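Report on one structure; see the data block that follows.
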Amino acid sequence: MNEPNVHRAIDGIWRIESAKITASLARMVRDVGLAEDLAQDALIIALERWPQTGIPDNPGAWLMTTAKRRAIDHMRRLKLRDRKYEELGWEIERQHEPDWDEALDDPVGDDLLRLIFTTCHPILSTDARVALTLRLLGGLTTEEIASAFLVPEPTIAQRIVRAKRSLAAANVPFELPPQAELAERLSSVLEVIYLMFNEGYSASSGASWIRPMLCSEALRLGRILAEIAPYEPEVHGLVALMEIQSSRFRARVGPSGEPILLLDQNRSLWDHLLIRRGLAAIQRAERLGKTFGNYLLQASIAACHARARTASETDWVKISALYDALSQVAPSPVVELNRAVALSMAFGPEVGLEVIDSLMQEPSLKNYHLLPSVRGDFLMKLGRKNEAHFEFQQAAKLAGNEKERELLLKRAVECDV
């Protein structure tokens, strides 16, 4: 294998293994920033050696063992000769030849869970949590994160540096939160992953309506969390939601990148493997026998769409009922907006318009482009084209995404026909 191919292979291996390595090192050194630096040292050694020696049979174990040796060296240099150091040193160096299988059998699941709860700690701002989580668990470079969120690379780099410093300054322990705090902290973790996915699924700004890379990283993190926290129904609910939403990517944009709305999509292009995975995740959550939460309810709504072979077969009455339940579990103006759409499809646009009109003075929706967009759709269906034209124009002015703005302007023109 030539050197460029080896480097591409290393890049792929690193994206898969980096989170586990960083998590394991963070458990050893109790410092997330230092753990990432040590993991990067192992990557650099691989980039130097593997083009000459070839990729090992167990590259993840090779990287893990090399990184742990770097951690031991670091401890030596700092003269940390306490009992913890001796135990770790004996564990890593008790054989001349490393035991690759044993290295792979480390409790990485627990370490990953600790790392997720650390990067999503409430002490950090949401922006910082997202950036740090994508960096350490998603394996993305600062350049890739900056590109995904359309902000300058130095801004992302500063967020990550500040986040590490904040965690260190606050002495945030690298451990699972106490039982009393677990639900709140898990909510923070799920919120970060959900935010990542949504920004990729429907980009808030820029020239592209979707950013599949961001969605795939969020889904990968969700799958990891589901493996290491299998008894939390909301984790499975979020994974199910992301699996089903991801199934629509090929049908979600046209040849020029233009948005194709759900009811207009060619459902034969949906990825039915992802749909089956999503439905299976819902079943896993349901078997736990707990109350449906925010993400599981949203996944159930997505499942109603996924099960309908055509748009006309969609069970809008059931979706309306699920939105009623969601408005009780996670009340918000955006949920009410979506509930209005479901009600309009189930019982007529005038019913949906009544809900929408009650939201017109909601401060949090003042600059939310989907409010006038949805209102314009209802008015169009009711034959009130002049009013609909105005609403679509207003929505286009508020839309930050270029492709979505073009769609809204097109709909405004259609009102004049």
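The values are calculated or read from the model by the stated rules, or taken from the named source; none is laboratory data. From a predicted model like this one, the values you see are computed outputs, not experimental measurements. Here the Cβ is made from the backbone with ideal geometry for all residues, glycine too, and neighbour counts use every protein chain on show. What goes into the accessible areas is simple: the full protein's heavy atoms, side chains included, and nothing from ligands, DNA or RNA. Shrake-Rupley method; radii C 1.70, N 1.55, O 1.52, S 1.80 Å.
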**Prompt:** In debye, nearest 20: dipole of the chain around its Cα centre with unit charges on the Cβ of K, R (+) and D, E (-)?
**Reply:** 320
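For the stretch 3-87, what does the relative contact order come out to in percent, with C-alpha contacts under 8 Å and a separation of six or more?
32
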**Asked** Per residue, how many Å² of accessible area does the stretch 3-87 show with a 1.4 Å probe?
**Response** 50
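Can you put R309, R30 in order of accessible area, largest first, using a 1.4 Å probe?
I get R309, R30, largest accessible area first.
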**Asked** Hey, any idea what % of the stretch 317-407's accessible area is carbon plus sulfur with a 1.4 Å probe?
**Response** 53
**Prompt:** Under a straight-distance cross-link criterion of Cα-Cα below 21 Å, which lysines are reachable from K164, leaving out those fewer than 8 residues away in the same chain?
**Reply:** K20, K68
**Prompt:** Please state the relative contact order of the stretch 128-261 as a whole percent: Cα pairs under 8 Å, 6+ residues apart?
**Reply:** 19
**Item:** For the chain, calculated [θ]222 nm from helices alone, where every DSSP H run of n ≥ 4 adds -39500 (n - 2.57)
**Value:** -23000 deg cm²/dmol
**Asked** Over the chain, what is the mean sequence separation of C-alpha contacts under 8 Å (at least six apart), divided by residue count, expressed as relative contact order in percent?
**Response** 11
**Message:** With a 1.4 Å probe and all protein chains left in place, how much of the accessible area of the stretch 3-87 comes from carbon and sulfur atoms, in whole percent?
**Reply:** 48
**Item:** Which label in (i) 181; (ii) 132; (iii) 170 gives the computed volume of the Cα convex hull per residue in Å³
**Value:** (iii)
**Request:** Run down the lysines and flag those whose C-alpha is under 20 Å from the C-alpha of K381, throwing out any fewer than 8 positions away in its chain.
**Result:** K410
